[in-house]
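The values are calculated or read from the model by the stated rules, or taken from the named source; none is laboratory data. What you see is a predicted model; the values in this text were computed from it and never measured. Reconstructed Cβ throughout: ideal geometry from the backbone, glycine too, with neighbour counts over all protein chains shown. Note: areas computed on protein heavy atoms with side chains; ligands, DNA, RNA excluded. Shrake-Rupley method; radii C 1.70, N 1.55, O 1.52, S 1.80 Å.
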Amino acid sequence: MADEEIRPAGTVDVPVVEHIIDAAFRPYIERIGRVPQPMEEDHAANVAAGKVFLTGAPVVGLVVVEAFADHLFLDTIAVHPTAHGRGVGRRLLAFVDAHARALGLPEVRLYTNALMWENQKIYPKYGYELVERRVDGPYDRVHYRKRLL
């Protein structure tokens, strides 16, 4: 897995993006009582905008990122359940850091649903600090940032 590239998604990849996100987030529907936001995104638009990066052959993981003036926003990280425990998420998080640095951005920001407690254990291990917890519309979110400087 360590030598697998992380590459931008292309139009042909939209169905696999949808599949990976569905597989990664579907188990949370019952727990949070609604469809997680990543499952409702316009994946074709995100791919067309250059926001989606994939890894694996076949694809087993992805990130959706968006650059802002002062940070890179990690919108979604998704690993297919069959690839859990193989370092895919760790590699994708390292890619996000490197991508932010390449863009000259000083930090990465993200949020996760408050009921996705697994994520709240993972992100601090990779240098993310808790910023706040707040309700955004129907979602109760925990916001994090990682300073890269």
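Here is how the numbers come out for the structure above:
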{"quantity": "The stretch 69-82: number of residues that are open to solvent by 30 Å² or more (accessible area, probe 1.4 Å) and not in a strand (DSSP E or B)", "calculated": "5"}
{"quantity": "Selection within the stretch 18-54 - among the small types (Gly, Ala, Ser), surrounded by 13 or more Cβ atoms within 10 Å (Cβ to Cβ) and without any contact (Cβ under 8 Å) to a residue 40 or more places away in the chain", "calculated": "Ala44, Ala48"}
{"quantity": "Exclusive hit being of a type in the set (Ser, Thr, Tyr) and at pLDDT below 95, set Tyr139, Tyr144", "calculated": "Tyr139"}
{"quantity": "Residues within the stretch 100-118 that are within 20 Å of Tyr139 (Cβ to Cβ) and either without any contact (Cβ under 8 Å) to a residue 12 or more places away in the chain or in contact with a Gly (Cβ under 7 Å, 6 or more places away or on another chain) (or both), tallied", "calculated": "2"}
{"quantity": "Test: residue in the stretch 101-118 that is of a type in the set (Ser, Thr, Tyr), within 15 Å of the chain's Cα centre (by Cα) and more than 22 Å from Tyr28 (Cα to Cα)", "calculated": "no"}
{"quantity": "Residue within the stretch 51-60 that is among the hydroxyl-bearing types (Ser, Thr, Tyr), out of contact with any His (no Cβ under 9 Å at 6 or more places or on another chain), modelled with pLDDT of 95 or more and within 17 Å of Phe95 (Cα to Cα) present", "calculated": "yes"}
{"quantity": "Single residue of the stretch 1-17 satisfying the filter (touching a residue at least 24 places away in the same chain (Cβ under 8 Å) and in a loop (DSSP other than H, G, I, E, B)) that is surrounded by the fewest Cβ atoms within 10 Å (Cβ to Cβ)", "calculated": "Ala2"}
{"quantity": "Every residue from the stretch 120-149 that is open to solvent by 30 Å² or more (accessible area, probe 1.4 Å) and either polar (S, T, N, Q) or assigned to a loop (DSSP other than H, G, I, E, B) (or both)", "calculated": "Gln120, Gly127, Gly137, Pro138, Leu149"}
{"quantity": "Total residues in the stretch 1-15, condition of a type in the set (D, E, K, R) and either modelled with pLDDT of 95 or more or touching a helix residue (DSSP H, G or I) at 6+ places or on another chain (Cβ under 7 Å) (or both)", "calculated": "2"}
{"quantity": "Checklist (1) open to solvent by 50 Å² or more (accessible area, probe 1.4 Å); (2) in contact with a strand residue (DSSP E or B) (Cβ under 7 Å, 6 or more places away or on another chain); (3) not in a strand (DSSP E or B) applied to Gly104, failing item", "calculated": "(2)"}
{"quantity": "Residue identified as modelled with pLDDT of 95 or more, of a type in the set (A, V, I, L, M) and over 22 Å from Glu4 (Cβ atoms) among Val96, Val131, Val64, Val79", "calculated": "Val131"}
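Table: residues versus (1) without any contact (Cβ under 8 Å) to a residue 40 or more places away in the chain; (2) surrounded by fewer than 20 Cβ atoms within 10 Å (Cβ to Cβ); (3) of a type in the set (A, V, I, L, M).
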| residue | (1), (2), (3) |
| --- | --- |
| Val59 | no, yes, yes |
| Ala67 | yes, yes, yes |
| Arg86 | no, yes, no |
| Ala98 | yes, yes, yes |
